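Comments concern the structure below.
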Amino acid sequence: MPVPLLDVNAQNLPLEDELTAAFTEVLHHGRFINGPEVKGLEDEVAAFLKLPHAIGVSSGTDALLLAFMALDFGPGDEVLCPTFTFFATAGTIARTGATPVFVDSCPVSFNIDIEDAKRKVTDKTKAIVPVHLFGQSADMDAVNTFAKEHELRVVEDGAQAIGAAYKGTSSGGLSDFGTFSFFPSKNLGGFGDGGMVVCNDPELEEKARIMRMHGGKPKYYHHVVGGNFRLDTLQAALLLVKLKRYKEYTAARQANAAYYGEKLDELPGVVTADLAHMGSAAAQNEWLDGQAAKLVLPIIIPENTHIWNQYTLRVIGEGQRDALREHLTGLGIGSEIYYPLTMDQQPCFQSLPESSRAHCGVSHQLSGEVLSIPVFPELKPEQRDEVVAAIGGFVGG
Ligand SMILES: *Cc1c(COP(=O)(O)O)cnc(C)c1O
């Protein structure tokens, strides 16, 4: 049986009647812009995350851009962000006129390495943008302690982490703004583009809400320049149908990840990072060097609730990642490389100052070794077993 990396139909088609009814309702009320379902989704998401304010927006990318515009990022500002992330994190910083400064990642959690951020902060640094990569939070105590020390703004890029938590608080709620995406491959996958901004501060919330509609308040009177960052009523109506099932989707991803963790760990040459050895990035690398591992499994950092947007392996050894990918493809199993190129390696960022692109060695290594395998909620037990058997065949188990 083929095993796709993601099967959106397996999740959406069972909801066809409800989705069609939601569509029909919007068709008939006709309030396609800022209709009642937008407010409905904002309220439901805020309640679900136990955060005070949520603002529906046009995409995860626009969520970041809106947060950055509301915090006045601009020319002359430096903004720290991980180099090992999806392009939107860095692209939106650059679009404000600020200079992205790329920070290396932790070799085990894949998230921003604050020890490296400490090397790169300057008196021009305005903010730090941790990304909760693959569905688990960055080390937010470390981020916020660092940010406080240097008086930095913090925006959490939670595009892959809606419903994830750090020490029990929802991702997105531990900073000035948190941002989410409803891109179809994200955990709360929509029917096109969509996103959400969350925030704790009522003043920032109001500013972002006004800037979502070109910055006009009252309408046609503009004290600030915003944009059109609205979420469609139709998209909100359809997402409300899926939000009701979101806990089940997350539980299924967590069960799949737990199953992989158990079964793959039994294979020869497969290791799971031992938390007792996880000090600095350097210490983690040293530990890994001593393992003679072929594959390293992802782990859950104890402070975190991981929602597994991706289940990402590190495949050790020159050419081995691509060899595993080819092996899986040959067996009809989907996989993907998130991400083959880090931000400091992107052609469009080569004109940035050298200091923006320094010291990203762990991330370069990760981009050569990572491979994400199917973990979507509707994965069938026999499909999971096929993935495990295929990897067993590769490592010789
Ligand atoms: C998907 C993603 C985004 C952008 O979201 P879109 O809705 O596709 O615009 C931003 N950051 C990260 C980390 C993402 O994974």
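The values are calculated or read from the model by the stated rules, or taken from the named source; none is laboratory data. What you see is a predicted model; the values in this text were computed from it and never measured. So basically every Cβ, Gly included, is an ideal-geometry build from the backbone, and we count neighbours across all protein chains shown. Ligands, DNA and RNA are stripped out before the accessible areas are found, and what is left, the full protein with its side chains, is counted by its heavy atoms. Shrake-Rupley method; radii C 1.70, N 1.55, O 1.52, S 1.80 Å.
Just one of (1) surrounded by fewer than 24 Cβ atoms within 10 Å (Cβ to Cβ); (2) away from the ligand (no atom under 16 Å from the Cβ); (3) not charged (D, E, K, R) trips up Phe134, so point out which.
Of the numbered conditions (1) surrounded by fewer than 24 Cβ atoms within 10 Å (Cβ to Cβ); (2) away from the ligand (no atom under 16 Å from the Cβ); (3) not charged (D, E, K, R), the odd one out for Phe134 is (2).
If Pro2 satisfies every condition in (1) surrounded by fewer than 18 Cβ atoms within 10 Å (Cβ to Cβ); (2) at pLDDT 95 or above but one, which is the exception?
The failed condition is (2).
Here are the criteria: (1) more than 18 Å from Arg357 (Cβ to Cβ); (2) buried (at least 22 other Cβ atoms within 10 Å of the Cβ); (3) free of Cβ contacts under 8 Å to residues at least 40 places away in the same chain; (4) touching a Phe, Trp or Tyr at 6+ places or on another chain (Cβ under 8 Å). Tell me which single one Ile93 does not satisfy.
Going through the list (1) more than 18 Å from Arg357 (Cβ to Cβ); (2) buried (at least 22 other Cβ atoms within 10 Å of the Cβ); (3) free of Cβ contacts under 8 Å to residues at least 40 places away in the same chain; (4) touching a Phe, Trp or Tyr at 6+ places or on another chain (Cβ under 8 Å), Ile93 breaks only (1).
Only one of Ile337, Ile333 is in contact with a strand residue (DSSP E or B) (Cβ under 9 Å, 6 or more places away or on another chain), modelled with pLDDT of 95 or more and farther than 30 Å from Val79 by Cα. Can you tell me which?
Ile333
Could you grab me the full set of residues in segment 25-64 that are aliphatic (A, V, I, L, M) and farther than 20 Å from Leu188 by Cα?
If the condition is that a residue be aliphatic (A, V, I, L, M) and farther than 20 Å from Leu188 by Cα, then Val26, Leu27, Ile33 are the ones that fit.
Does segment 60-86 hold any residues that are open to solvent by 20 Å² or more (accessible area, probe 1.4 Å) and closer than 29 Å to Cys106 by Cβ, and which are they?
Thr61, Asp62, Asp77, Glu78, Phe86
Taking the residues in segment 151-163 that are away from the ligand (no atom under 12 Å from the Cβ) and within 20 Å of Pro82 (Cβ to Cβ) as candidates, determine which candidate is most open to solvent (accessible area, probe 1.4 Å).
Looking at the filtered set, the residue picked out is Arg153.
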